[in-house]
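Beneath this line is the structure, given in structure tokens, with notes to follow.
The values are calculated or read from the model by the stated rules, or taken from the named source; none is laboratory data. Every value quoted in this text rests on a predicted model; they were computed, and no experiment measured them. A quick note on method: Cβ atoms are made from the backbone with ideal geometry, for glycine too, and the neighbour counts reach across all protein chains shown. When the accessible area is computed, the model is the full protein with side chains, heavy atoms only, and any ligands, DNA or RNA have been set aside. Shrake-Rupley method; radii C 1.70, N 1.55, O 1.52, S 1.80 Å.
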Amino acid sequence: MSDPFRLPHRPARRLPAGGRVDRSAPLRFTYDGTRYTGLRGDTLASALLANGVAGASPSLYRGRPRGIATAGVEEPNALVQVAGPGSEPMLLATTLELYEGLTATGLSGRGRLDPGPDPAVYDKMHLHTEVLVVGAGPAGLAAALAAGRSGARVVLVDDQPEPGGSLLAGHEEIDGVPALDWVAAVREELAARPGVRILTRSTATGYYDHNYLLVAEHRTDHLGPHPVPGVSRQRLWHIRARRVVLATGSHERPMVFAGNDLPGVMSAAAVRAYVNRYAVLPGHRAVVLTTNDHAYATALDLVAAGAEVSALVDTRPEPPAGLVDAARRAGIEVVTGSCVVGAYGDAAVAAVRTAALDADDAVTGPVRDLACDLLAVSGGWSPAVQLWSQAQGTTRYDEDLAAFVPARAAQHVDIVGAARGVLDLAGCLDGGFAAGAEAARSAGFPAAVPATPANSGDTRPSRPRPVWLVPGEDGDPSTWHDHFVDLQRDATVADVHRAVRAGMRSVEHIKRYTTIGTAHDQGKASAVSATGVIARLLGARTPGDVGTTTYRGPYVPVPFALLAGRERGPLFDPVRTTAIHPWHTAHGAVFENVGQWQRPRYFPLAGEDMDAAVLRECRAARAGVAVMDATTLGKIDVIGPDAGAFLNRVYTNAFARLAVNSARYGMMCRADGMVFDDGVTLRLAEDHYLMTTTTGNAAGVLDWLEEWLQTEWPELRVRLTSVTEQWATVAVVGPRSREVLGALVPDLDVSNDAFPFMTARETRLANGVEARICRISFSGELAFEINVASWYGLAVWESVIEAGRPLGITPYGTETMHVLRAEKGYPIVGQDTDGTVTPWTWAWSGSSPGRRTSSENARSDGATPAAATAGNSSACCRSTRPCCCRRARSWSPTPKRPCPSGRWDMSPPATAAPPSAAPSPWR
Amino acid sequence: MLLIACPWCGEREELEFHYGGQAHVAHPAEPEGLSDSQWGEYLFVRDNPKGPFAERWSHSAGCRRWFNVVRHTVTHEILAVYPAGQPKPVILP
Amino acid sequence: MHPTVVMSNHVHVYVSQAHKGELVMGAGVDSYNGYGQRGSFHLIERQMAAALELFPVFARAHVLRTWGGIVDVTPDASPIIGPTPVGNLFLNCGWGTGGFKATPASGWVYAHAIATGEPHPLAEAFTLERFTTGALIDEHGAAAVAH
Ligand SMILES: Cc1cc2nc3c(=O)[nH]c(=O)nc-3n(C[C@H](O)[C@H](O)[C@H](O)COP(=O)(O)OP(=O)(O)OC[C@H]3O[C@@H](n4cnc5c(N)ncnc54)[C@H](O)[C@@H]3O)c2cc1C
Ligand SMILES: [Zn+2]
């Protein structure tokens, strides 16, 4: 019987002791169809390395073998697709926490979207805090501690499952104890403070205006692919902070030499993380290549873990003697003033070639071969300034550090630790404590700066010697097709050379031409190396001479679904329904969206299509009686002693002398004279008008009114209130509507003389409900509108249906309304007009705004455009002087270049009769 | 997302506000006396500086009051907030 | 893979696919003028939600990078092409969110204006003058989604 989880025969790579992995918790997983075992605490990458698997698919364009190159978010190679309900492409093996049953497939830079529904829930939280600390390495922990002790609210976020940052990968000491014990103590103290919140597995992805940051929290991904009931899979925190402390650390840069993309070429810091944090030996025979002090620790740790280190190659002619001695004491050959000029091997690195470099980075002296299965490279350190830059902070190139470091802040933000180029532990702690205390202080919480505890990392690193472009052993840059600058894009020195030869000088142009830095990793680790190559090819001295490209959010890729959160399906946009909506639904209405409102479009009977239903509905409205839910019209209470004067100014016609309980149609124009809205306004009392607006424009009209009231006419004593949702409106329409009204309100005299057109009555329906009944019409019929408090809308609608039943009352929707209006030539503002229609073009197009005039009633309210604009008023939307519409009219009589359609010709056509009080065409 | 300090409500998210364009564009006292180009100037021509800009906002999803803000159009830093009708504060560069 | 640009004025988003396989998407415009060139996050969130309304399959696609630029928008959301009151100064601007796709046509009529000093007949209505004559061309509807 074969054991499906039998390890393939490979040299043991999991170390027998140490690391942050739980040896009592083996986890089975599948990668590219093969089953393996890892440990709790592993990432997929560390588990693969422990099993001797290179852990990446071939490169996208050139099919080159690739392997895991880093241990974090900057990983360029190890992309996977994770199986599950809601399979997810393009995840990084280096940040994916291992769980039991994890099934992943390596990807060559391209994945597949799961066609099935995503079963997971994503949500958002909004948070205000005094201090937000991003990054829980030593600098961030120190900052959070100092700020937290002040009593300020502090949020500390870190993308790892546990705090510690770079301390997780080393074996430093702080305050006389192992650094991770110090971390645990700090975490405990912070957790005990009520104002402090620690978010782990949480990546700050965006830094926007006024200290607004986005943090993506992975809540269940480490548990497996299945949704956890009651817990969102991921959560997007929107955090507004008074002060921000960025302690985001740094990324180790790759170096650009021939064969630098082979599996087994790995960041030296990542090698150290695999050895110390995950207890995995990524290779047995290593060469370490460095430009700076840091990789010495990697070399020593490799030896301590049982690997052979064939050589430590340092680009510096004179590295610090102490480091060199320590390495030599451990049996490591230290080669100075040299570089790896090529890595070789078929499927993985098998050997490297080294050579001495002169001061101009040219190869001098013989080339030497060294066999190895691991090349640990430290090309230098790039402070993680992505968030800093997103916040519009500037950077400058620091010659001593050979890095772009933060320069000037653009928001209330400080940056500490490696993210500002401070690479020693003592400096990180010092800076963190000081920045945390200062952040709290400036947010109003006096704070002391804690004393920095003694620690093992108090030597400042010495000066690095970057080698931006390691020369090939032969040829020139145009032929260096295996010097990779961006691994995911398979972009090489030869590609950059081609761009430069084509005349490009700007790093932005070269980036676009070569696509460097635009792949999944967005060049986190490689961008500055690429800039270094560009600098060399342009003949510039340092990357500082060419500058960086702009960093753009998100810092790490985030799923669309996380950004969408719960705003999906019915919650994507609020759906507004009227009080009568349940009746519509129950009676088979087909709905139409009007803005956010759902309005019945038509009410088909069994077997009817839309045309049949609409014809039937129209017939009822024209010949019998029909009923429509008109609740969605915007309604605005205009109240105050100057309400009439105000309406005079915002409409093109006058309202101040309108009798109480009378209604008038009004047309509203923008300052440029274009028709903006229209509707009937009812005067309810001396100082109280009720304005109606088109359904879609209600909010816009209210804004518009407020604007003029507050900014131009603050002297007017008027208040505006939206009451759209307070009133339900039932329009009873048709020659027999009067009979329905008679039945509904037996006490009200609804005869033409007692209740004339364009008037209103406050009354009580037979069922006891208080109602305001208006005799106005949408579509030229005899019609009444019954307005009741929304609570009673449904009941009153039902009683109208009941009262009209003997007359065959017919509910109708917007489609019928459009037909009825079109038949009468009544346009709808916003549907039949755009921002080029003046009252004049409207009038002369032969249409009219005679909404709610009645063909039955010879008594239109006189609100034809002719009357509105030429006739009467001192009304104006601009001042008490002649209104904008008159202005519009006085604009040059004929535009010099009229459009062939004459659409916006605002002068009366020469052939047409001038406006007059002649009978309106619809009478 | 800007954080705008409504003079009446205090600091609120940009989403609660409605933008009203350049502030201090006085309505012409005698519109009917203006030439077409003067009138067009009033309606359509606005400043668009790269730097501090006095503009109008309304707290439309809050107290609905209009007020003025001086905002830097590159950094979006808000340099002043003041009620409508008050003169533009002197902002030192 | 998407062979074409898909745009929805209703939910406010557009989507197209680049040769490399990535999706290029866009949507709203800040309500205020600015030179920050970054893109407000709430617009991006809204646009992603809109994209999922159109294509639920995008749920676990990832946003790699975001970008915002400056769009020059005129009061009537239509471009200005042609001569100006300043001699030999010609304008071709105000394209807002739609200037790429119009480039061949706009270049053509613009060249005509420069060559002859008179607007091309197709672009006559688009001169600067319309802001004094009032003969506006309302394209707010068409320009609602950057595309
Ligand atoms: C985010 C975004 C997405 C867009 N998406 C689309 C889309 O999908 N489809 C579409 O059709 N349109 C789109 N557009 C609109 C389109 O980009 C523009 O309308 C178009 O680029 C305008 O062309 P232009 O030639 O007028 O100006 P630009 O393309 O802006 O060119 C102006 C040039 O002048 C240079 N310049 C400026 N001042 C000076 C100076 N003093 N000296 C020298 N040079 C100077 C600038 O650097 C620039 O190169 C989008 C715009 C943005 C911002
Ligand atoms: Zn307010």
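At-a-glance table
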| quantity | calculated |
| --- | --- |
| Candidate set from region A:87-107 (those that are assigned to a loop (DSSP other than H, G, I, E, B) and more than 17 Å from A:P557 (Cα to Cα)); member that is most open to solvent (accessible area, probe 1.4 Å) | A:E100 |
| Residue within region A:217-235 that is in a strand (DSSP E or B) and hydrophobic (A, V, I, L, M, F, W, C) present | no |
| Criterion (within 21 Å of the chain's Cα centre (by Cα) and either on the phi < 0 side of the Ramachandran plot or away from chain B (no Cβ under 14 Å) (or both)) met by exactly one of A:A247, A:A268, A:A258, A:A241 | A:A241 |
| Test: C:H19 is farther than 20 Å from A:P574 by Cβ, away from ligand 2 (no atom under 16 Å from the Cβ) and not aromatic (F, W, Y) | yes |
| Flag for B:W39 being more than 17 Å from the chain's Cα centre (by Cα), outside any loop (DSSP other than H, G, I, E, B), at the interface with chain C (Cβ under 9 Å from one of its Cβ atoms) and away from ligand 1 (no atom under 16 Å from the Cβ) | yes |
| Matching option when the condition is among the polar types (S, T, N, Q) and modelled with pLDDT of 95 or more, among B:Q22, B:Q86, B:Q38 | B:Q22 |
| Region A:145-159 residues that are in contact (Cβ under 8 Å) with a residue 24 or more places away in the chain, paired with ones that are aromatic (F, W, Y) (beta carbon under 8 Å, 6 or more apart) | A:L145/A:F433; A:A146/A:F433; A:A147/A:F445; A:S150/A:F445; A:G151/A:F445; A:A152/A:F445; A:V157/A:W237 |
| In region A:484-503, the residues that are out of contact with any Phe, Trp or Tyr (no Cβ under 6 Å at 6 or more places or on another chain) and under 26 Å from A:E399 (Cα atoms) | A:F484, A:V485, A:D486, A:V496, A:H497, A:V500 |
| Residue check for A:G206: modelled with pLDDT of 95 or more, over 25 Å from C:T66 (Cβ atoms) and crowded, with 22+ Cβ neighbours inside 10 Å | no |
| Residues located in region A:770-804, provided they are over 17 Å from A:T631 (Cα atoms) and open to solvent by 10 Å² or more (accessible area, probe 1.4 Å) | A:E781, A:E802, A:A803 |
| Matching residues in region C:60-74 - criterion: being open to solvent by less than 60 Å² (accessible area, probe 1.4 Å) and either facing chain A (nearest Cβ under 10 Å) or in contact with a strand residue (DSSP E or B) (Cβ under 9 Å, 6 or more places away or on another chain) (or both) | C:R60, C:A61, C:H62, C:V63, C:L64, C:T66, C:G68, C:T74 |
| Within region B:55-71, considering residues that are more than 15 Å from B:E14 (Cβ to Cβ) and part of a strand (DSSP E or B), the one farthest from ligand 2 (Cβ to nearest atom) | B:V70 |
| Residue among A:T711, A:T729 that alone is within 21 Å of B:A26 (Cα to Cα) and crowded, with 18+ Cβ neighbours inside 10 Å | A:T711 |
| Among residues of region B:1-41, those that are more than 16 Å from ligand 2 (Cβ to nearest atom), touching a residue at least 40 places away in the same chain (Cβ under 8 Å) and either hydroxyl-bearing (S, T, Y) or open to solvent by less than 40 Å² (accessible area, probe 1.4 Å) (or both), counted | 1 |
| Among the candidates A:Y36, A:Y61, residue that is in contact (Cβ under 8 Å) with a residue 60 or more places away in the chain and outside any helix (DSSP H, G or I) | A:Y61 |
| Wholly within region A:708-769, strands (runs of 3 or more DSSP E) carrying at least 1 residues that are within 42 Å of the chain's Cα centre (by Cα) | A:719-722, A:727-733 |
| Contacts under 6 angstrom Cβ, first residue in region C:68-93 being farther than 19 Å from C:E124 by Cβ, partner away from ligand 2 (no atom under 16 Å from the Cβ) and part of a loop (DSSP other than H, G, I, E, B), 6 or more apart | C:G68/C:Q37; C:G68/C:R38; C:G68/C:G39; C:G69/C:Q37; C:V71/C:G96; C:V71/C:T97; C:D72/C:G94; C:V73/C:G96 |
| Matching option when the condition is open to solvent by 40 Å² or more (accessible area, probe 1.4 Å) and among the charged types (D, E, K, R), among A:R649, A:R576 | A:R576 |
| Meets criteria (buried (at least 17 other Cβ atoms within 10 Å of the Cβ), touching a residue at least 60 places away in the same chain (Cβ under 8 Å) and in a loop (DSSP other than H, G, I, E, B)) for B:H76 | yes |
| Those residues of region A:352-375 which are under 16 Å from A:L312 (Cβ atoms) and in contact with a Leu (Cβ under 7 Å, 6 or more places away or on another chain), in sequence order | A:V352, A:T354, A:L375 |
| Residues satisfying the stated conditions in region A:597-618, i.e. open to solvent by 20 Å² or more (accessible area, probe 1.4 Å) and acidic (D, E) | A:E608, A:D609, A:D611 |
| Some residue of region B:56-65 being at the interface with chain C (Cβ under 9 Å from one of its Cβ atoms) and either crowded, with 16+ Cβ neighbours inside 10 Å or touching a residue at least 24 places away in the same chain (Cβ under 8 Å) (or both) | yes |
| Residue tally, condition of a type in the set (G, A, S), within 12 Å of chain C (Cβ to nearest Cβ) and touching a strand residue (DSSP E or B) at 6+ places or on another chain (Cβ under 8 Å), over region A:84-107 | 2 |
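Yes or no, residue by residue, for (1) open to solvent by less than 20 Å² (accessible area, probe 1.4 Å); (2) within 7 Å of another protein chain (Cβ to nearest Cβ):
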| residue | (1), (2) |
| --- | --- |
| C:H2 | no, no |
| C:V15 | yes, no |
| C:E22 | no, no |
| C:G26 | yes, no |
| C:Y32 | yes, yes |
| C:Q37 | no, no |
| C:S40 | yes, yes |
| C:L54 | no, no |
| C:F58 | yes, yes |
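Listed here are the residues, each with its yes/no results for (1) of a type in the set (K, R); (2) outside any helix (DSSP H, G or I).
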{"residue": "A:W583", "(1), (2)": "no, no"}
{"residue": "A:E592", "(1), (2)": "no, yes"}
{"residue": "A:P600", "(1), (2)": "no, yes"}
{"residue": "A:L605", "(1), (2)": "no, yes"}
{"residue": "A:V614", "(1), (2)": "no, no"}
{"residue": "A:R619", "(1), (2)": "yes, no"}
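A quick yes/no check of all residues on (1) surrounded by fewer than 24 Cβ atoms within 10 Å (Cβ to Cβ); (2) at pLDDT below 95:
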site	(1), (2)
A:D123	yes, no
A:E130	yes, no
A:A136	no, no
A:L141	no, no
A:A144	no, no
A:G151	yes, no
A:D158	no, no
A:H171	yes, yes
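Conditions (1) within 14 Å of chain C (Cβ to nearest Cβ); (2) in a strand (DSSP E or B), marked per residue:
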residue	(1), (2)
A:A120	yes, no
A:K124	yes, yes
A:A144	no, no
A:W182	no, no
A:L190	no, no
A:A204	yes, yes
